[in-house]
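Note sheet for the following structure.
Where a number appears in this text, it was derived from the coordinates with a stated rule and is not lab data. Small disclaimer: the values here were computed from a predicted structure and weren't measured. We place every Cβ from the backbone using ideal geometry, glycine too, and count neighbours over all the protein chains shown.
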Amino acid sequence: MVPQCPAALVALLLTLGLASWTTTTAARAQAPSPAGHFLFDEGELPRGLELPGSRQTRRVEMTPTTLRIRASASQKTTTIDPIEIALPKKPQARAAYVLRFAAPGRARELMRFVEAKLQRDSPESHPRVRLEADAVELIDLRKLAKILARKHQHLTIATKALAPKKREQLLAQITPFLAAAELQSVRRSLDRNEPLDVDRQLLPAFARERVGKFTSQRGPNCFRTALAFQDPALPRSAEVNSKAERGFHGSMINNDELWWALSHRFVEVDTRSDSLRYGDVIVFFDGVDPNQPMSHRWLKHASTYLFGDYTFSKESYAADSPYTVKSLTEEWRSWQERSPQFGVKVYRYSGRKGNG
């Protein structure tokens, strides 16, 4: 969070030569809002290119190696996200839940371990247990991975049913994001009327390398993901990623840092006259008050639009959230349920040559 910096204090700090960090961060938080308006109804958000094809809902899982790293290394470094499991309140239900991920023949030991942890560390109203190195041998990591699995929409584009105009629109929208060899692969599939796999062929390198996967780190978040989809160097730049947060991986982007990037490297899309395009960043705000100046504190989530009703994002900074393709409707409703003062804006990257 960014502290307020009164003008008199800034003047004094400037005199003493101590104002650089304070004035920079204050200016970031007070960056002027681009012109535009909030969207409060999903129906107001004009979907972009509609493509024929199929969707398969998959469950993506952490690897046992990732879980082992999280259980073991979280005691050594704060940037590794520990494994924390929310448990049922009632003892009988809790025992049944723990049994689901106990190693063969170790269920009683794991239950005793869990109950001892709860008595020491967790309030009865919200029982949670942290699974660290001393618990690994009691756990079946593959079973635990299935419990922690998340939904991912695997999309395939049916090029046989893709009209010539839509082929041109698709190529025009993805061209700024893909390398020459990647575009050649897409054109080859279009020429041969072969299905296009979105995960493998229609995502830029940053997203393609991570889609359907988890990280062990605490820090890589939705803001960083939305910026890196545009250009992996963007969230690494000193201008954007201006400060490190203790206990988090250095790739984490805070809401004031995203706000600076949106104000200086993006233009707001007026959705009253323009539809969504591939690569647009959809920003979810909380605590929206039309009568107050915009604040970076309102920024809660960001995702990247693909086409139709689909987005690419990472839900949070937690290691339990993978990089996935989601339904925009699903994402909208999920965040709307969390806040009665929910609103959305759309931004388009202006830092790329030939992209507005």
query: In percent, how large is the relative contact order of segment 143-291, given Cα pairs closer than 8 Å and 6 or more residues apart?
result: 19
- prompt: Where Lys and Arg each count +1 and Asp and Glu each count -1, what net charge lies around LEU162 among other residues with Cβ under 13 Å from its Cβ?
  reply: +2
Residues GLN56 and LYS243, FRET efficiency given R0 of 51 Å [Cβ-Cβ distance, rounded to 0.05]: 0.80
query: Given H placed 1.01 Å from N in the peptide plane, which residues other than close sequence neighbours of ALA102 have an amide H under 5 Å from its amide H?
result: ASP140
query: Around LYS345, with a cut-off of 13 angstrom between Cβ atoms, what is the net charge of the other residues, counting Lys and Arg +1 and Asp and Glu -1?
result: -3
field: Hz values of 3J(HN,Hα) by residue in segment 325-337 - Karplus curve (6.51, -1.76, 1.60), Gly and Pro given as x
entry: 8, 10, 6, 4, 4, 4, 5, 4, 5, 4, 7, 5, 5
query: Mean residue ellipticity at 222 nm from the helices of the chain, using -39,500 (n - 2.57) per DSSP H segment of n ≥ 4 over the full residue count, to the nearest 500 deg cm²/dmol?
result: -10000 deg cm²/dmol
- prompt: What list of ³J(HN,Hα) values in whole Hz, one per residue of segment 41-52 in order, does the Karplus curve 6.51 cos²θ - 1.76 cosθ + 1.60 (θ = phi - 60°) give from phi, with Gly and Pro shown as x?
  reply: 10, 4, x, 7, 8, x, 4, x, 4, 8, 10, x
- request: Output ³J(HN,Hα) for segment 220-229: one whole-Hz value per residue in order, computed from phi by the Karplus curve 6.51 cos²θ - 1.76 cosθ + 1.60 with θ = phi - 60°, and x for Gly and Pro.
  value: x, 10, 5, 5, 4, 5, 5, 6, 5, 4
- prompt: Working from the pairwise distances between different alpha carbons, so that the mean of 1/r is found and then inverted, what is the chain's Kirkwood radius in Å?
  reply: 22.6
- request: Normalising by the residue count of segment 230-356, find the relative contact order in percent from Cα pairs under 8 Å and 6+ residues apart.
  value: 28
query: What does the charge add up to near ALA103, with Lys and Arg as +1, Asp and Glu as -1, over the other residues with Cβ less than 15 Å from its Cβ?
result: +4
message: Contact order normalised by length for segment 177-254, with contacts defined as Cα pairs under 8 Å and 6 or more residues apart; what percent is it?
response: 26
- prompt: To one decimal place, what orientation-averaged projected area in nm² is obtained for the convex hull of the Cα set of segment 68-132?
  reply: 4.6
